[in-house]
1. Measuring from the lowest to the highest alpha carbon on each principal axis, how far does segment 3-60 reach, largest first, in angstroms?
2. What does the charge count near residue 37 come to, summing +1 for each Lys or Arg and -1 for each Asp or Glu among other residues with Cβ under 14 Å from its Cβ?
Amino acid sequence: MHLAAIIAEIADQADEFLKGVTDRAQARAGIAEQINLDFFELNPADRKTVIEGVMATLEAEEFFGIEFVGDPFSDDGSEEHS
């Protein structure tokens with residue numbers, strides 16, 4: 001099985017095994033645990049790749065909610081404008 005398929009499978013299951021988790025460190029631990037259960041044969045480098053891939057997928061899906069209100073790239077208003 002290719003890593004992309006593993007990433008997709010774990011990300012699809014995240015709603016179940018990460019239910020109620022909003023902390024990214026807890027999510028990483030949960031993903032690592034899921035890998036240990038279902039894909040124990042992965043080497044450490046592949047495990048890291050899968051964890052990062054699943055986290056990126058969850059971030060893109062706004063799994064952890066929205067942290068910023070408004071445009072995070074606009075200035076914060078702390079500078080004086082003339």
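1. 28, 20, 17
2. Working: positive: 47; negative: 9, 16, 33, 38, 41.
Taking every Cβ under 14 Å from that of residue 37, the sum is -4.
FYI, it's all coordinate maths here, none of it is from the lab. As the structure is a prediction and not an experimental result, all values here were calculated from the model. Here the Cβ is made from the backbone with ideal geometry for all residues, glycine too, and neighbour counts use every protein chain on show.
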